[in-house]
Amino acid sequence: MHHAIEPSIHYWGTPVVLISTLNEDGSTNLAPMSSAWWLGWSCMLGLDASSKTTENLRRSGECVLNLPSDTMVEAVNGLALTTGSPAVPLHKKLLGYRHVSDKFEAAGLTPTPSMVVTPQRAHECPVQMEAVVEDIRPFAGGDPRMGVPAVCVEVRIVKVHVLSDILMAGHEHRIDPDQWHPLLMSFRELYGRGEKLQKSRLARGPEEAYAPWKHTGIKGLAGKALVAWSRHRYGGSEQPAGADTHS
Ligand SMILES: Cc1cc2nc3c(=O)[nH]c(=O)nc-3n(C[C@H](O)[C@H](O)[C@H](O)COP(=O)(O)O)c2cc1C
């Protein structure tokens with residue numbers, strides 16, 4: 001029997017991201033978050049508008065999305081209930097947050113230079129995505145149950161770094177989902193992902209079918225034309241189909 005309930009939170013289970021952003025003094029802030037999802041090479045982030053991360057994203061327009069593995073719980077717990085904001089917002093004070101200036105030290109992680117953006121990567125994270133901000137807008141302003149001022153931030157990935165351990169054998173650019181063990185947050189607790197249940201029907205076709213920009217010759221032209229036609233027919237992003245994918 002189902003029950004109609006009034007949960008305080010809707011944290012149903014999403015990957016933890018350690019997001020690097022640039023502080024005004026040139027140092028890198030690192031913060032755990034998990035309201036994140038990806039579509040294509042773009043990612044939508046749900047953030048507390050008062051966080052240092054949001055302030056940094058507004059000012060510098062760059063970040064790194066570092067994905068910790070399920071062996072990195074201590075790093076995430078080291079950052080939990082901390083903020084890079086010297087003036088801790090009142091709602092965070094009430095939740096027990098404190099200011100920490102060196103987040104890498106608090107997490108026990110090592111900063112390492114990025115290739116395209118200025119904020120540093122977290123070396124120990126098996127996945128690091130350098131990204132630039134495309135759009136920031138208020139989120140859930142009309143939702144009377146929203147407890148914090150929130151924004152959604154659309155970022156576009158410009159460089160992806162992964163440990164070779166999680167690459168599929170024989171493929172230079174493909175993640176092996178059997179080898180990738182993300183850290184997940186569900187209702188504030190941290191989990192691994194368990195084992196694969198059974199072969200997925202969705203995964204039957206070639207992964208490259210999702211990447212029309214990788215095709216060359218006739219196939220490439222046909223792919224671009226299909227993307228352009230689909231955008232025209234169904235709406236969506238205004239970016240022209242042949243646009244540069246690497247900047
Ligand atoms: C596992 C985990 C997941 C979190 N998910 C989010 C999130 O999705 N969005 C958010 O705004 N804060 C999230 N937080 C809280 C942020 O870490 C918190 O806002 C923090 O103050 C951000 O750091 P900053 O102020 O230095 O940017 C999460 C915290 C933890 C430990």
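Read-outs: derived from the displayed coordinates by stated rules, not from any lab. For clarity, every value in this text was computed on a predicted model and none was experimentally measured. Ideal geometry is used to build each Cβ from the backbone, glycine not excepted, and the neighbour counts take in all protein chains shown.
Hydrodynamic analysis of region 131-218 uses the Kirkwood radius over alpha carbon pairs. Inserted into Stokes-Einstein at 10 °C and 1.306 mPa s, it gives a translational diffusion coefficient of 91 µm²/s. Applied to region 21-27, the Karplus parametrisation 6.51 cos²θ - 1.76 cosθ + 1.60 on θ = phi - 60° returns per-residue 3J(HN,Hα) values of 9, 8, 6, 5, 8, x, 7 Hz, with x for Gly and Pro. Taking the C-alpha atoms only, the angle from helix 217-234 to the longest principal axis of the chain is near 60 degrees.
Which pairs break 18 Å Cα to Cα here: Lys159/Lys196; Lys159/Lys199; Lys52/Lys159; Lys159/Lys214? Flagged as over cut-off: Lys159/Lys196; Lys159/Lys199; Lys52/Lys159.
Which of the peptides 27-34, 82-89 is most tightly packed, and how do the rest follow, going by the mean number of other Cβ atoms within 10 Å of each residue? Don't jump to the answer; show the numbers that get you there.
Details: 27-34: 22.8, 82-89: 17.0.
The densest-packed peptide leads the list: 27-34, 82-89.
Each label was represented as a point 7 Å from its Cα along the Cα-to-Cβ direction; for His171 and Glu207 these points are 0.3 nm apart.
Note on region 14-191: dipole from Cβ charges, positive end direction compared against Val100, Asn29, Ala87; the farthest Cα belongs to Ala87. Name the residues of region 84-114 whose amide N is less than 19 Å from a point 7 angstrom out from the Cα of His123 along the C-beta direction? The answer is 102-114, whose backbone nitrogens lie closer than 19 Å to the label point. A Cβ-based charge dipole, computed about the Cα centre of the chain with Lys and Arg at +1 and Asp and Glu at -1, lands at about 660 debye. Modelled spin labels at His99 and Leu39, positioned 7 Å past Cα toward Cβ, are 3.9 nm from each other. For the chain, modelled as a Gaussian network with Cα springs under 10 Å, which listed residue fluctuates most, His181, His173, His123? Of the options given, His173 has the highest mean-square fluctuation. Bridges between two residues of the chain, per DSSP, are antiparallel at a rate of about 95%. Placing +1 on each Lys and Arg Cβ and -1 on each Asp and Glu Cβ, with no other charges, gives region 4-80 a dipole about its Cα centre of roughly 140 debye. Applying a DSSP loop filter and a limit of 14 other Cβ atoms within 10 Å to the trypsin sites (Lys or Arg not before Pro) in region 93-157 leaves Arg145.
Once every DSSP H run of n ≥ 4 in the chain is given -39500 (n - 2.57) and the sum is divided by its residues, what mean residue ellipticity at 222 nm do you get, rounded to the nearest 500 deg cm²/dmol? Could you put the intermediate results ahead of the total?
On the way: 5 runs with 44 residues, N = 247.
Computed ellipticity for the chain at 222 nm equals -5000 deg cm²/dmol.
Equivalent ellipsoid semi-axes for the chain, as square roots of 5 times the alpha carbon gyration tensor eigenvalues: give them largest first, rounded to whole Å.
Details: eigenvalues 193, 93, 92 Å².
Equivalent ellipsoid of the chain: 31, 22, 21 Å, largest first.
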